[in-house]
1. What tally of residues in the stretch 130-147 results from selecting those that are more than 19 Å from LEU192 (Cα to Cα) and buried (at least 21 other Cβ atoms within 10 Å of the Cβ)?
2. Scan the stretch 153-193 for residues that are part of a strand (DSSP E or B) and among the basic types (Lys, Arg) and jot them down.
3. Among the listed residues ALA196, ALA150, identify the single one that is in contact (Cβ under 8 Å) with a residue 24 or more places away in the chain, assigned to a strand (DSSP E or B) and crowded, with 19+ Cβ neighbours inside 10 Å.
4. Looking only at the stretch 171-179, decide whether some residue is in contact with a strand residue (DSSP E or B) (Cβ under 8 Å, 6 or more places away or on another chain) and charged (D, E, K, R).
5. Where residues in the stretch 16-38 are hydroxyl-bearing (Ser, Thr, Tyr) and within 18 Å of ASP52 (Cβ to Cβ), which of them is surrounded by the fewest Cβ atoms within 10 Å (Cβ to Cβ)?
6. Between a first residue in the stretch 123-141 that is touching a residue at least 60 places away in the same chain (Cβ under 8 Å) and among the charged types (D, E, K, R) and a second residue that is part of a loop (DSSP other than H, G, I, E, B) and open to solvent by 10 Å² or more (accessible area, probe 1.4 Å), which pairs have beta carbons less than 9 Å apart while being 6 or more apart in sequence or on different chains?
7. Can you spot a residue in the stretch 208-231 that is in a strand (DSSP E or B), over 11 Å from PRO153 (Cα atoms) and either open to solvent by 50 Å² or more (accessible area, probe 1.4 Å) or touching a helix residue (DSSP H, G or I) at 6+ places or on another chain (Cβ under 7 Å) (or both)?
8. Looking only at the stretch 103-134, which residues are of a type in the set (Asp, Glu) and either at pLDDT below 95 or touching a strand residue (DSSP E or B) at 6+ places or on another chain (Cβ under 6 Å) (or both)?
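The values are calculated or read from the model by the stated rules, or taken from the named source; none is laboratory data. Since the structure is predicted, the reported quantities are computational estimates derived from the model, not experimental observations. We place every Cβ from the backbone using ideal geometry, glycine too, and count neighbours over all the protein chains shown. To get the accessible areas, we keep the full protein, side chains included, count just its heavy atoms, and leave off ligands, DNA and RNA. Shrake-Rupley method; radii C 1.70, N 1.55, O 1.52, S 1.80 Å.
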Amino acid sequence: MRVAVAGATGNIGARTTAALERNGHEVVRISRRLGVDLITGEGLDAALAGADAVVDAMSYEGADRDDAVAYFGTSTRNLLAAEERAGVRHHVLLSIVGIHRVDGNAHYAGKREQERLVSEGPVPWTIVPFTQFHDFAATVTAWTEQDGTATIPPLLVQPIAPDDVADVLAEIATGTPRGRHRDVAGPEPQDLVDMARRTNDARGHTVKLVPTWSTLLGPEMAGNVLLPDDDARIAPTTFDEWLTDPR
C-alpha cells in the first residue's frame, strides 16, 4: 500500500513511517520540513497522489486553547479535502484517551475538534485513542524545569511505549476503516511523578521533582480520568522494559 504519514518527522510519525516500511509499504512523508504545509495546503495534492491511506500523527506544542483549535482545525480540513480529491480510502487519526473528560486543556480541545472534523468528514476513518506515552513524564518535566527543579502533577496514567503506538497505527492504516477504535494502552498503571524520576535516572539527568497541580495539567485530570476503558487493547511493552532504552 501507499500510505501518507502527516507529522512524519515527529516522535510517533517517524516511528510509524519505519513500521510501515518494515512491512513493505510505500510511505509518503508529510511535514513542513519536507515541503508539505498542512496549514496552507502547499504540496498536499502532490503528496497524496495515489495514496491508499493517511495516518495523521501531527502534533501541536502551544498552550493557547484558541490557537490549538485553529491549528488542528485548519490542518485537518486541508488534509481531508486533499484526501477526498486524491481518492484516499482510509484516514487514521492518532488521538488521546480522556480528551472528552477534560475541558480546560488547550491541546485536548484541539484534538476534540480534530476528532469532530474526521468523524463528520468525507473520508472513511478510524480514530485511535492512546494513553500517554512512556516518555511523557520526562517531557512534562522538560517543560517546567528551571535551575535543576521541575514541577510535575501527580497524575495516574497507563502509559504505552511509542514503538507500540507506531505498530498499532501501521496495522490499522493497512486495514479497513473501523470508526472509533477502542482505547489502546500500556500494560499497567503508573504514577507520573515516579515515572519522571525513573526516566531521568535512566537517562542520567538530575532534576529535583516537585509534585503539584499548579501546572499546565491540573486537578481535572486527577483520579481515573486518563485511564483507558475496561475493554482497552493492551500493548505489550511495560514501562520497566522501555526504561532499558528510554528513547
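1. Of the residues in the stretch 130-147, 0 are more than 19 Å from LEU192 (Cα to Cα) and buried (at least 21 other Cβ atoms within 10 Å of the Cβ).
2. ARG180
3. Only one candidate passes the filter, namely ALA150.
4. yes
5. THR17
6. Within 9 Å, the pairs are ASP135/PRO246; ASP135/ARG247.
7. Yes: the stretch 208-231 contains one or more residues that are in a strand (DSSP E or B), over 11 Å from PRO153 (Cα atoms) and either open to solvent by 50 Å² or more (accessible area, probe 1.4 Å) or touching a helix residue (DSSP H, G or I) at 6+ places or on another chain (Cβ under 7 Å) (or both).
8. Within the stretch 103-134, ASP103, GLU115 qualify.
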